[in-house]
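The values are calculated or read from the model by the stated rules, or taken from the named source; none is laboratory data. Every value quoted in this text rests on a predicted model; they were computed, and no experiment measured them. Please note: Cβ atoms are built from the backbone with ideal geometry, for glycine as well, and neighbour counts cover all protein chains shown. Please note that ligands, DNA and RNA were not included when accessible areas were found on the heavy atoms of the full protein model with its side chains. Shrake-Rupley method; radii C 1.70, N 1.55, O 1.52, S 1.80 Å.
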Amino acid sequence: MSVAPVQTGAVEIDGLTVSYRRRSALLRVLTDVSFTIKPGEAYGLVGESGCGKTTVAMSLMRYLPSNAVVESGSITFGGDDLLAANDRTLRSWRGNRMAMVYQDPGTALNPTIRVGAQIAEVYRFHRGMDKREATEAAAHMVSTVQISDAARVLRRYPHELSGGQQQRVMFAMALATDPDLLVLDEPTTGLDATVEAEVLDLVENLRDQFNTSILFVSHNLGIVARMCERVGVLYAGRLIEQGSASEVFRDPRHPYTLALLRCVPRLGMRKDTDRLDPIPGSLPPLGADMPGCVFADRCPIARDRCVQSPPELFPVADGHTARCFFHEEVPDIPPMATAAQEDAAPVADEVLLQVSELVKTYKFSGTEVVAVGGVDVEIKRGEVFGLVGESGSGKTSFAKCIVGLIDVTSGRLSFEGMDVSKLAGKRPGEARRRLQMVFQNPDNALNPTHSVRSILRRSLQLLAGVHGRDTQDEQMAELARSVRLEQRHLDVRPAALSGGLKQRVAIARSFAGNPAMVLCDEPTSALDVSVQAAILNLLVDLQRRQGVSYVFISHDLAVVRYVADSIGVMYLGKLVDVGAAEQVFASPHHPYTEALLSAIPTFDVEESRPRIKLSGVLPSASDVPTGCPFHTRCPRVLGEICRTEAPPWQEDGARHRYRCHIPPAELTELQKTAPPERAEDVVA
Amino acid sequence: MASVEGSDVQIQPPAAPVLDVRAERRRRRRELLRALVRSKTFVVGAVILAFWVLDAIFWRAIVPHDPLAVGPVDTLKAPGGAHWFGTDNLGRDVFSRVLAGAATVLVIAPAATALGLVGGTAVGLVTGFYRGWVDDVVSRIVDAFLALPLIVIAVLVLASLGRDTRNIVLVIGIIFTPLIGRTVRSAVLVEREREYVAAARLRGERGIRIMVWEILPNITGPIMVEATVRLAYAIFTAATLSFLGLGLQDPSPDWGLQIANGRAYMQVAWWMVIFPAAALATLVVGVNLVADGLKRVVEE
Amino acid sequence: MSRYILKRLGLTVITLVIVSFVVFGASQLLPGDVGRTILGPYASQQQVDELDHTLGTDKPLPVRYWNWASDFVRGDWGVSPVQNVEVRPLVLHRLRNSLILGAFAMVLIVPFSIFMGVMAALNYGKTLDRVISITGLSFIALPEFVVGVILIVIFAVQLGWFPTSSQVPGSDPVDWFRQLLLPAIPMMFVLFGYIARMARAGTVDALQANYTRTAILKGLPRRYVVWRHVVRNAMLPTITVVSVQVGYLVGGLVVVETLFAYPGIGQLTLESANGHDLQTLEACVLMIAIIYCVANFIADLAYGILNPRVRVA
């Protein structure tokens, strides 16, 4: 197939400029983007949402939306001009020489066709195989992507597979013809941490077997650092820095790259000692006319020159370039945020919320699903309780029970001495006022038809009992100031605000009645990392100033570690590990916690932790395994006892306990080394 | 508190220009209008509809003859001369009767639609918001209504209650109630899962206020579209009932009735049926075009 | 799957029971006494009371409902007091005639409408799409009698190609078209509008779905992508619409059969309503509801077969 093996797979993008037509205007999304992917190389493209990274990926597949216009530039693919290829040629390349895997595998597979047939199609059309041969080839391919029961999986429909399996099938389909180029567009976004780790392991594995060039598009710097040799940073449609992954992340030479690295909480950062460093301002709007450097208005070292003329890519070191006039000064930029200096209100020794034997079950056409299966926890006044767990672990149901959005099946909730085991509408007003919630998606959480002012006014009225326009306006100004909203933001509807500002409004609303506890359900996961830092800082400030407690739910362990004083880990509706944050994060801890921690990708390239592979798939909440719920996947499973007996709480000092049959001393010893890989003895 | 002030965040002007609510509302209305005017189907439909509405109000000033005046010598005259659309079997001027006929249908149909809209919105809000057994019961009733064609129910009820304008409005309006209710309900089901509704519950809003103040303003788009679609259907139904003899009675110039009367003379006087039929066709098509234009804009 | 079927079946039965309440309730609204209506104004009150007693119309409402409903289920539909014939054979015969006309219209228009809807979606935003969409939109709005009289005036009166009133056709296929085409067209217009519209919307959604992108990026030929990946998914919402249209169709039959003097159940419904023939009217309306429910049930089955997500549930 390949004539010159050295050349195939090399992708050269040169001066790519793409715009979207909206009505009569052309809005620029990519400006003069150039980079090369060498044969067999993995090239990472990072940037926040709206920076144009998906447009680059789609350009490489020649699959841009119909209103996109390639204004100039060229893409050379294995010596062929990609932009000049006709439909027929393109069809023979796609799925053959080039393939793609993207976000959300659940919708990427056709729901009405069996998985096997979908993979076989590739062989039938690109290899001219008949149905039987193609099915056999598909079965072989499926086992290559580490699906154990290949024959059975092939006969399944997509919805019968787990998210991880679906994504494996996508990879099997993409690699079926051993393509020269594999485009991965956020292939693990939306997957749970352990599944994400599995998929990344798979990609690394496949790279050893297939000599494919990879374009890896992601917003997650840690993943790119782990997966790619070289990396390009996109900002507002321009490539602003490029170089080897290790160098760019260790020694960034563009102020934006530096800021991006600084605003993400890393594992080990604590709110008491480190303050997050958000990037001020926001991304320029699509099609904005900027004569100078696109980052100038947010840059701490910008000067007149930056506003007047656009910088070119300056060589910094061998193969490392940065689009900044003052790239030499970048390493000396001090952190923008001052260190956390506000004295924390100490965690009181008074129990604020007492949860006893909380159970929440749902009934779906006869089958009972256990979302929360008996949780006991105490949260103290002024404490931040972090709650982690994968999707389906019951953490959101837990939160909704506490605030009273869903009713409790059984168990008792006591809050400031009040019984709050009822729905919010039936609780005393005082309990509602003192127990509030901040939601995940600020677009959803604010009523789009009301102005910010009327949203806050209503909260002040009902939660703080403030009546009379003047008093309300006064208090509203105060409230707005505390979340750093400006007066002009009050008279608009939410749609006119950016995501970060919306979340500030939502936070202000929950603080209207001077709450004692606020539940934060993934409050930053819908936001870009630069905005996330500002919101986390705000939440930390508010918490310290007002001595409020948080239940902080997040799938991001680094974020939870940063804000939480104590942490609970949930698995299939049960708390399996709970205690002081630093202890939960250190050995000895529950094997599930251990696995979750090992799944975090990091951009400290040198540091490499052994990854713990969980076998099997997450069991259904309607059919929770007997004994220890984790025994079906636990890499440290002991044997029969885990299957039959519910494990006891093991006390690891006064401030940490976990639910496992292995006692602390033994577990500490075990966790000094990575567990052996478990044989696939579990029937899914 | 002072130490927090201005520590790390400078809020830059957001991407979209910040306007106050009133200016924003004006701008949105302008944009909506502009989008509607851009849609050719909407403009054509609106012009046709406007023509018939004006005609329904002012027909007395423009008809060349009294639509009810019989002319024993002028029966079944072909179109031309003094009678542009000819005359009917009683010598009445068809052109005048076509112009006058718009009034009845344009009273009955909007009234019935309004009735169904009010009832349907209430039913949809309550069933969608509270779910539970109320929802189940109403859903089953809607299913039962769907199992019977509107015309058949109307035939059944009008045959029992007697056929006058008020009963026609009532029958169509009541049958529309669960149908519109179903559309409103499905819109409410989407909205009630949004977190702003959860936030409202958390601050202790009562059900009625959440429905009317929080949810209703967010579903006016689909309700408006449903209303226009139903209006076209109400015209369709009212005319059909007249045609079947279950609506207005002679000598009313109602279009459906004219066509029913003209059937016996189709062999000799095609103009008795063709002109009112064409008038009715343009009206219903016009309303439907408006509905479609509206739907496209709302869905954008 | 069997669970899905049972659930659907249960819902169908509930629907029919509610329909029977509605039908029975509406017939109770009829003014005047049943015995009086039958015997006329000159009968003595005693005669009327006796007849009411034999008919059972003097019993309390629930008892009468129960008697009426159980008789109907047992197949005893009574005798039409107006036409003085057994109701069951009359209604079933007329129903058969209507089914012939309705099936004729459906067979001609459903595949065509689906095809046109898919074509419109494939040419999204182009001239063909606009023509199909606007035509469908206009057709939906046209009452059957409006289209019907125009057709009669042109093709029956002026051109003389078709009879002005239609009979039940014999076995000759030419006769089928001669008798049924004109009355079928007004209903086909409306059906075309609804079905083509839904098929178009379903296809547009499926074309924009991620799985279609996957199929295209696999390098599959366009025609294959459309027929294998898009159309099957697009048919799911369309099936539901087609089955709901069966209900509409019967409403259309009332009008069309009246206009063309075709001896079907629609015409019988209207006649018995106008003639206060309760026995016949109730039977007609119930049969119409049953036909609708059966059609819906079949559609649910088809949906279940096409959609694997339902099949396992």
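For (1) aromatic (F, W, Y); (2) under 15 Å from the mean Cα position of the chain (by Cα); (3) under 27 Å from B:G207 (Cβ atoms), each residue gets a yes or a no:
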| site | (1), (2), (3) |
| --- | --- |
| B:L115 | no, yes, yes |
| B:V134 | no, no, yes |
| B:V137 | no, no, yes |
| B:D143 | no, no, yes |
| B:L146 | no, no, no |
| B:V155 | no, no, no |
| B:V169 | no, yes, no |
| B:I172 | no, yes, no |
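I'd like to verify a number: residues in segment A:428-449 that are within 19 Å of B:R209 (Cα to Cα) and more than 8 Å from chain B (Cβ to nearest Cβ), how many?
Looking only at that region, the number is 2.
State which residue is farthest from A:A586 (Cα to Cα) when the search covers only segment A:265-300 and only residues that are of a type outside the set (A, V, I, L, M) and outside any loop (DSSP other than H, G, I, E, B). Working first, answer last.
The first filter runs over segment A:265-300 and keeps only residues of a type outside the set (A, V, I, L, M), leaving A:265-266, A:268, A:270-275, A:277-278, A:280-282, A:284-285, A:287, A:289, A:291-293, A:295, A:297-300.
From the residues that got through so far, the ones that are outside any loop (DSSP other than H, G, I, E, B) too are A:297-298.
Numbers: A:D297: 42, A:R298: 38 Å.
That would be A:D297.
Can you pull out the residues in segment A:459-490 that are basic (K, R) and either open to solvent by less than 20 Å² (accessible area, probe 1.4 Å) or within 7 Å of another protein chain (Cβ to nearest Cβ) (or both)? First the steps, then the outcome.
So the first thing to find is which residues in segment A:459-490 are basic (K, R), and the list is A:469, A:481, A:484, A:488.
Of everything in segment A:459-490, those that are basic (K, R) and either open to solvent by less than 20 Å² (accessible area, probe 1.4 Å) or within 7 Å of another protein chain (Cβ to nearest Cβ) (or both) turn out to be A:R484, A:R488.
Being at the interface with chain A (Cβ under 10 Å from one of its Cβ atoms), assigned to a helix (DSSP H, G or I) and either touching a Lys or Arg at 6+ places or on another chain (Cβ under 8 Å) or open to solvent by 10 Å² or more (accessible area, probe 1.4 Å) (or both) narrows it down to one residue among C:R228, C:R223; which is it? Talk me through it step by step, then tell me what you get.
Values: C:R223 fails: at the interface with chain A (Cβ under 10 Å from one of its Cβ atoms).
Unique residue meeting the criteria: C:R228.
So, in segment C:26-51, exactly how many residues are at pLDDT 80 or above and at the interface with another protein chain (Cβ under 10 Å from one of its Cβ atoms)?
Looking only at that region, the number is 0.
Among A:V559, A:V518, which is in contact with a strand residue (DSSP E or B) (Cβ under 9 Å, 6 or more places away or on another chain), of a type outside the set (F, W, Y) and part of a strand (DSSP E or B)? Show your work before the answer.
Numbers: A:V559 fails: part of a strand (DSSP E or B).
So the residue among A:V559, A:V518 that is in contact with a strand residue (DSSP E or B) (Cβ under 9 Å, 6 or more places away or on another chain), of a type outside the set (F, W, Y) and part of a strand (DSSP E or B) is A:V518.
Which ones in segment A:240-289 are of a type in the set (A, V, I, L, M) and within 23 Å of the chain's Cα centre (by Cα)?
Of everything in segment A:240-289, those that are of a type in the set (A, V, I, L, M) and within 23 Å of the chain's Cα centre (by Cα) turn out to be A:A245, A:V248, A:L258, A:A259, A:L260, A:L261, A:V264, A:L267, A:M269, A:L276, A:I279, A:L283.
Scan segment A:180-190 for residues that are in a loop (DSSP other than H, G, I, E, B) and either free of Cβ contacts under 8 Å to residues at least 40 places away in the same chain or buried (at least 24 other Cβ atoms within 10 Å of the Cβ) (or both) and jot them down. Spell out the reasoning first.
Taking segment A:180-190 and keeping what is in a loop (DSSP other than H, G, I, E, B), we get A:180, A:186-190.
Of everything in segment A:180-190, those that are in a loop (DSSP other than H, G, I, E, B) and either free of Cβ contacts under 8 Å to residues at least 40 places away in the same chain or buried (at least 24 other Cβ atoms within 10 Å of the Cβ) (or both) turn out to be A:D180, A:P187, A:T188.
Under the condition of being charged (D, E, K, R) and modelled with pLDDT under 85, which residue from segment A:601-639 is most open to solvent (accessible area, probe 1.4 Å)?
Of everything passing the filter in segment A:601-639, A:E606 is most open to solvent (accessible area, probe 1.4 Å).
Which residues, taken from segment A:405-452, are among the charged types (D, E, K, R) and surrounded by 21 or more Cβ atoms within 10 Å (Cβ to Cβ)?
Scanning segment A:405-452 gives A:R427, A:R432, A:R433, A:R434.
Can you find, within segment A:164-177, the residue that is farthest from A:H555 (Cα to Cα) among those that are within 14 Å of chain C (Cβ to nearest Cβ) and not aliphatic (A, V, I, L, M)? Reasoning before the result, please.
The initial filter retains those residues of segment A:164-177 that are within 14 Å of chain C (Cβ to nearest Cβ), namely A:166-167, A:169-177.
Right, trim to not aliphatic (A, V, I, L, M) and you get A:166-167, A:171, A:177.
Values: A:Q166: 21, A:Q167: 20, A:F171: 25, A:T177: 35 Å.
Ranking the candidates gives A:T177 first.
So, in segment B:156-180, exactly how many residues are outside any helix (DSSP H, G or I) and either within 12 Å of chain C (Cβ to nearest Cβ) or β-branched (V, I, T) (or both)?
Residues that pass the stated criteria total 2.
For segment A:330-368, enumerate the residues that are over 22 Å from A:V548 (Cβ atoms), modelled with pLDDT of 90 or more and of a type outside the set (S, T, N, Q).
Those that are over 22 Å from A:V548 (Cβ atoms), modelled with pLDDT of 90 or more and of a type outside the set (S, T, N, Q): A:E357, A:V359, A:K360.
Every residue in segment C:140-160 that is farther than 18 Å from B:A281 by Cβ and either surrounded by 19 or more Cβ atoms within 10 Å (Cβ to Cβ) or modelled with pLDDT of 90 or more (or both), please.
C:A156
Does A:R97 qualify as being assigned by TED's automatic domain parsing to the domain that holds A:D208, over 28 Å from A:R207 (Cβ atoms) and either surrounded by 18 or more Cβ atoms within 10 Å (Cβ to Cβ) or basic (K, R) (or both)?
Spelling it out, it is not the case that A:R97 is assigned by TED's automatic domain parsing to the domain that holds A:D208, over 28 Å from A:R207 (Cβ atoms) and either surrounded by 18 or more Cβ atoms within 10 Å (Cβ to Cβ) or basic (K, R) (or both).
Just one of C:L181, C:L207 is assigned by TED's automatic domain parsing to the domain that holds C:V131 and either among the charged types (D, E, K, R) or under 30 Å from B:A277 (Cβ atoms) (or both); which is it?
From the options C:L181, C:L207, the qualifying one is C:L181.
Does at least one position in segment A:400-418 carry a residue that is within 11 Å of chain B (Cβ to nearest Cβ) and over 29 Å from the mean Cα position of the chain (by Cα)?
no
Examine segment A:132-154 for a residue that is facing chain C (nearest Cβ under 10 Å) and either open to solvent by less than 40 Å² (accessible area, probe 1.4 Å) or modelled with pLDDT of 90 or more (or both), and state whether such a residue exists.
no
Taking the residues in segment B:284-299 that are buried (at least 22 other Cβ atoms within 10 Å of the Cβ) and more than 9 Å from chain C (Cβ to nearest Cβ) as candidates, determine which candidate is nearest to B:L54 (Cα to Cα).
B:V290
I need the full set of residues from segment B:259-283 which are within 23 Å of the chain's Cα centre (by Cα) and in contact (Cβ under 8 Å) with a residue 24 or more places away in the chain, in order please.
Of everything in segment B:259-283, those that are within 23 Å of the chain's Cα centre (by Cα) and in contact (Cβ under 8 Å) with a residue 24 or more places away in the chain turn out to be B:P276, B:A279, B:L280, B:T282, B:L283.
Return the total of residues in segment B:54-106 being crowded, with 16+ Cβ neighbours inside 10 Å, at pLDDT below 85 and among the basic types (K, R).
Looking only at that region, the number is 2.
Can you tell me which residue among C:A261, C:A209 is closer than 30 Å to C:P163 by Cα, aliphatic (A, V, I, L, M) and surrounded by fewer than 20 Cβ atoms within 10 Å (Cβ to Cβ)?
C:A261
Determine, yes or no, whether C:V242 is assigned to a helix (DSSP H, G or I) and over 28 Å from C:V87 (Cβ atoms).
Taking the combined requirement at face value, the residue satisfies it.
Given the options C:I216, C:I291, name the one that is closer than 30 Å to A:M58 by Cα, open to solvent by 30 Å² or more (accessible area, probe 1.4 Å), more than 8 Å from chain B (Cβ to nearest Cβ) and part of a helix (DSSP H, G or I).
Details: C:I291 fails: closer than 30 Å to A:M58 by Cα.
The conditions single out C:I216.
Quick grid of which residues meet (1) outside the structural domain of A:T31 (by TED's automatic domain parsing); (2) farther than 30 Å from A:M141 by Cβ; (3) open to solvent by 10 Å² or more (accessible area, probe 1.4 Å):
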| residue | (1), (2), (3) |
| --- | --- |
| A:G222 | no, no, no |
| A:G237 | yes, yes, no |
| A:T257 | yes, yes, no |
| A:G281 | yes, yes, yes |
| A:I301 | yes, yes, yes |
| A:R305 | yes, yes, yes |
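One residue is enough: does segment B:122-145 have a residue meeting the conditions within 14 Å of chain C (Cβ to nearest Cβ), free of Cβ contacts under 8 Å to residues at least 24 places away in the same chain, open to solvent by 40 Å² or more (accessible area, probe 1.4 Å) and within 30 Å of C:T280 (Cβ to Cβ)?
Scanning segment B:122-145, I find at least one residue that is within 14 Å of chain C (Cβ to nearest Cβ), free of Cβ contacts under 8 Å to residues at least 24 places away in the same chain, open to solvent by 40 Å² or more (accessible area, probe 1.4 Å) and within 30 Å of C:T280 (Cβ to Cβ), so the answer is yes.
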